[in-house]
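Remarks on the structure that follows.
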Amino acid sequence: MTVVYILIAIVVVLLVFVVVLYNRMVRLRNEVDTGWANIDVQLKRRNDLIPNIVEAVKGYAAHERGTFEAVTKARAAVAGAQGPAAAGEADNLLTAALGKLFAVAEAYPDLKASENFLQLQNELSATEDKIAAARRYYNATVLRFNNSIQTFPAVLLAGVFGFVKREFFAAEAGDRELPEVSFQP
């Protein structure tokens, strides 16, 4: 009879262990999803600011049509991106296009002094900071999640329960290069 009790105790301990492990993986997966949602919210916020900035610059620099089209195209790519890899790539295009837009704005002192433009520029800068913070949080939770499902003993159960490795929100190779800076009179 004691053998039966020992076997029942072992089964119960194993079941408790599996439940605890499963719940931990679910919690981490949900943190990853929350991290991605935070990035998505900030990207949408930035996308909502961009048309206002483009319109402010258009009033001063109507002949810069190519720049405006590049910003609009990049903004649409970010809005339509699915998943971290595609969103990261689209985000890099948008950052480059915005850099060109602000370079155009530099040529117009009246625009740079416009209170509306300065406010939009400050809001965009604050949003960029929030995006960077959201990326760091997301990547940290992806790291914890991926580590949890790839280490023993969770690796034995992760595949069975459908937990798969998640992508990091990574910079493109070109983003790691130093930008060219020149001061021209």
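The values are calculated or read from the model by the stated rules, or taken from the named source; none is laboratory data. Please read all numbers here as calculations on a predicted model, not as lab measurements. Neighbour counts are summed over all protein chains in view; Cβ atoms, including those assigned to glycine, are modelled from backbone coordinates with ideal geometry. For accessibility, only protein heavy atoms count, side chains too; no ligands or nucleic acids. Shrake-Rupley method; radii C 1.70, N 1.55, O 1.52, S 1.80 Å.
I'd like to know if the range 102-112 contains one or more residues that are touching a residue at least 60 places away in the same chain (Cβ under 8 Å) and within 20 Å of residue 49 (Cα to Cα).
Start the filter on the range 102-112 by keeping residues that are touching a residue at least 60 places away in the same chain (Cβ under 8 Å), which leaves none.
No.
Out of all the residues in the range 137-145, is one or more out of contact with any helix residue (DSSP H, G or I) (no Cβ under 6 Å at 6 or more places or on another chain) and within 23 Å of residue 47 (Cβ to Cβ)?
Yes; the residues of the range 137-145 include at least one that is out of contact with any helix residue (DSSP H, G or I) (no Cβ under 6 Å at 6 or more places or on another chain) and within 23 Å of residue 47 (Cβ to Cβ).
Out of curiosity, is residue 79 over 19 Å from residue 133 (Cα atoms), among the small types (Gly, Ala, Ser) and either open to solvent by 80 Å² or more (accessible area, probe 1.4 Å) or free of Cβ contacts under 8 Å to residues at least 40 places away in the same chain (or both)? Explain how you work it out, then say what you get.
On the way: over 19 Å from residue 133 (Cα atoms): yes; among the small types (Gly, Ala, Ser): yes; either open to solvent by 80 Å² or more (accessible area, probe 1.4 Å) or free of Cβ contacts under 8 Å to residues at least 40 places away in the same chain (or both): yes.
Judged against the criteria, residue 79 is a match.
Quick test for you: out of 105, 154, pick the one residue that is touching a Ser or Thr at 6+ places or on another chain (Cβ under 8 Å) and either within 21 Å of residue 84 (Cα to Cα) or surrounded by 13 or more Cβ atoms within 10 Å (Cβ to Cβ) (or both).
Values: 105 fails: touching a Ser or Thr at 6+ places or on another chain (Cβ under 8 Å).
Of 105, 154, the one residue that is touching a Ser or Thr at 6+ places or on another chain (Cβ under 8 Å) and either within 21 Å of residue 84 (Cα to Cα) or surrounded by 13 or more Cβ atoms within 10 Å (Cβ to Cβ) (or both) is 154.
I'd like to check something: does the range 57-66 contain any residue that is touching a residue at least 12 places away in the same chain (Cβ under 8 Å) and part of a helix (DSSP H, G or I)?
yes
Please determine whether any residue of the range 39-58 is surrounded by 12 or more Cβ atoms within 10 Å (Cβ to Cβ) and farther than 22 Å from residue 126 by Cα.
yes
Taking the range 129-146 as the search range and keeping residues that are loosely packed, with under 14 Cβ neighbours inside 10 Å and modelled with pLDDT under 90, which one is nearest to residue 24 (Cα to Cα)?
132
Does residue 69 fit the bill of being more than 23 Å from residue 34 (Cβ to Cβ) and either touching a helix residue (DSSP H, G or I) at 6+ places or on another chain (Cβ under 7 Å) or not in a helix (DSSP H, G or I) (or both)? Can you show your working first?
Values: more than 23 Å from residue 34 (Cβ to Cβ): yes; either touching a helix residue (DSSP H, G or I) at 6+ places or on another chain (Cβ under 7 Å) or not in a helix (DSSP H, G or I) (or both): no.
No.
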